[in-house]
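> Pasting in a structure now, in structure tokens, and then I'll have a few things to ask.
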Amino acid sequence: MNFAAQFIYFKVLKNRSPRDCYREDEDYDPFWQRDDNKIKKQHIPALCDLRCCKNVPVRNGLIGQKPPSINPERLKDFGEEDYLNGDVKTWEMKIVSRNEELLRDALSSIPQASSRTSLASCNKLIRFEDISAAAFKIQCGVQKTPCMYSRLSKQYGMDIYLKKEFLQYTGSVKERGVLYLLMSLPQDQQRKGVIVASDSNFSMAVAYHASELRIPVFVIVSTSTAPARVKMCRDYGAMVISYGTTAKDSQVHARRLAQENGYLYLEEEDSAVYLSGLGTVGLEMYEQVPKLDAVIFPAGGHCGLLAGSAAALKHLNPHISIIGVESESFPVLQQSLKAGHPTEDQACNNHHFYGDVSGVCFGSNSLQLTGKLVDKVVAVREEDILISMLRLLEYERATVDAEGAIGLAALVAGKLPELKGKRVAVVICSGNLELHLLQQCIAHALTLDNRVCRFSLVISDCPGDMSKLLEILAREEARVLDIKQERTFVTSELFTVEVICTVETRDKIHTAQLRNVLLERYPRTVWTER
């Protein structure tokens, strides 16, 4: 495989290699393979404890107890300075190509300071080598999720591969960026601890991985936070504190605690370290699915996954189309790209459903990368997202939220006809949806898909008339979900009953057939429109 980049291949002595960090049934990553004809061996000192032990079961967490010693400032010279500790040797391979300038050009005009970032020192150029370093560092702490051929392919006329990032331990792709961010903290800050102020996927990832790294972690949430989210963060090992009635109240309190106690206040940002961790998704997909034509990512305000992965994929193959998908209700990214700077005035009226997709655009790094590397950004309706959630549940047995389903929604809505007959990968990035909301979403999606319908009709209140109606429904193979009878407030003739019936059908054609049969037998049937 010819990678147009400068990168590093690793091999651990004493019969250990980075491959040992994966499960035995996973494929070996060719990114780490060695070409003896093109490499030059050199010994280098350490930056971190690999903590990858042969013959030790691997779980979704880091092995060992000692936190890694990491110096984030040295990542800028990755591949040139001394990097690894102990009994590790490295080989360097350099291929000269014009593609190496792609990422630098994309960020040439990025300001070095950001008002939203809490790690300003990490806000620097993102390079392909940084993403490569992140892939090596976090491989023992996050799952290498499958990118599998989907049964939805025939339905939409293309080869669809689903990158199932919702299978991460906390149910979100945010783990990749969070783990690399935490591992990049100085040791003194790791001892003091970190603090976050939200109930988002980012906060849950911080709670879990900080606990795994033996870093004290505090999560401040508002009193309106769902109890299930609070319990989950506590189960991950975080100290959870409820404060204030709004997210802003909890953020102010968290900043004050951080200042008074020496904690590092973390919020989701677009520093090079965080984006590099998220960009490892692009590296894995490039390896798992050969000859990709296009990759679809969720977009919205928090477009770090889109930007970081686009940096990796475009560097490896500039001909791959990178497509971002956001909601029509919150076209944050499109407005920011049009304005040329992050927009901060977007209202999040339905945040619990949309998650981070509806958030404000938080950084110029992600925005500049997106504008330079992303080929297309499309917007989809809420109805398309709901049907996409239904398709994933039925065909893939995947329970995902709006953020996870929005990429597939672009295909469901027919927004990308140019991808017909091509090989397309879709990132399913999140699966954290509250149970009561999931139930509502699926019920609404079935209605939108014309598979649950309601009608009302008036029949005589005589023995046998209700049985005849039920016989018709049985003959047409409609499943009765609910049936009600109203006698008191019927405005038609006396001795009649109004029947309100909710039934389930196979599809839109079956629904139309049932409707015609009922209208023929009961001309005054009223069909409830969705």
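The values are calculated or read from the model by the stated rules, or taken from the named source; none is laboratory data. Worth saying up front: this structure is predicted, and the values here are computed from it rather than measured. Positions of Cβ are generated from backbone atoms using ideal geometry, with glycine treated the same way; all protein chains shown enter the neighbour counts. The area values use the complete protein model at the heavy-atom level, side chains included, leaving out ligands, DNA and RNA. Shrake-Rupley method; radii C 1.70, N 1.55, O 1.52, S 1.80 Å.
> Could you list, in sequence order, all residues of region 250-269 that are under 25 Å from the mean Cα position of the chain (by Cα) and in a helix (DSSP H, G or I)?
SER250, GLN251
> While we're looking at this one, here's another question. State which residue is surrounded by the most Cβ atoms within 10 Å (Cβ to Cβ) when the search covers only region 268-279 and only residues that are of a type in the set (Gly, Ala, Ser) and more than 20 Å from HIS341 (Cα to Cα).
GLY277
> From GLY282, GLY244, which residue is open to solvent by 10 Å² or more (accessible area, probe 1.4 Å) and touching a helix residue (DSSP H, G or I) at 6+ places or on another chain (Cβ under 8 Å)?
Being open to solvent by 10 Å² or more (accessible area, probe 1.4 Å) and touching a helix residue (DSSP H, G or I) at 6+ places or on another chain (Cβ under 8 Å) holds for just one of GLY282, GLY244, which is GLY244.
> Of (1) outside any helix (DSSP H, G or I); (2) open to solvent by less than 10 Å² (accessible area, probe 1.4 Å); (3) in contact with a strand residue (DSSP E or B) (Cβ under 7 Å, 6 or more places away or on another chain), GLY301 satisfies all except one. Which?
So the condition that GLY301 fails would be (3).
> Could you grab me the full set of residues in region 368-424 that are within 25 Å of SER336 (Cβ to Cβ), open to solvent by 10 Å² or more (accessible area, probe 1.4 Å) and of a type in the set (S, T, N, Q)?
Residue satisfying the conditions is GLN368 alone.
> Among the numbered conditions (1) within 18 Å of ILE406 (Cα to Cα); (2) in contact with a helix residue (DSSP H, G or I) (Cβ under 9 Å, 6 or more places away or on another chain), tell me where ILE220 comes up short.
So the condition that ILE220 fails would be (1).
> With respect to TYR265, is the statement that it is modelled with pLDDT of 95 or more, surrounded by 24 or more Cβ atoms within 10 Å (Cβ to Cβ) and not aliphatic (A, V, I, L, M) true?
So TYR265 fails the test.
> Which count do you get for residues in region 181-203 that are part of a helix (DSSP H, G or I), touching a strand residue (DSSP E or B) at 6+ places or on another chain (Cβ under 6 Å) and crowded, with 24+ Cβ neighbours inside 10 Å?
2
> Regarding GLU287, is this residue out of contact with any strand residue (DSSP E or B) (no Cβ under 8 Å at 6 or more places or on another chain), assigned to a helix (DSSP H, G or I) and open to solvent by 10 Å² or more (accessible area, probe 1.4 Å)?
The answer is yes for GLU287.
> Among VAL178, VAL219, VAL206, which is the only one that is part of a strand (DSSP E or B) and crowded, with 22+ Cβ neighbours inside 10 Å?
Just a single option satisfies the conditions, and that option is VAL219.
> I've got another one for you. Would you please name the residue that is surrounded by the most Cβ atoms within 10 Å (Cβ to Cβ), looking only at residues in region 472-530 that are within 28 Å of ILE387 (Cα to Cα) and among the acidic types (Asp, Glu)?
Ranking the qualifying residues of region 472-530, first place goes to GLU476.
For (1) more than 20 Å from PRO186 (Cα to Cα); (2) charged (D, E, K, R), each residue gets a yes or a no:
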| position | (1), (2) |
| --- | --- |
| TYR236 | yes, no |
| HIS253 | yes, no |
| TYR263 | no, no |
| ASP270 | no, yes |
| GLU284 | yes, yes |
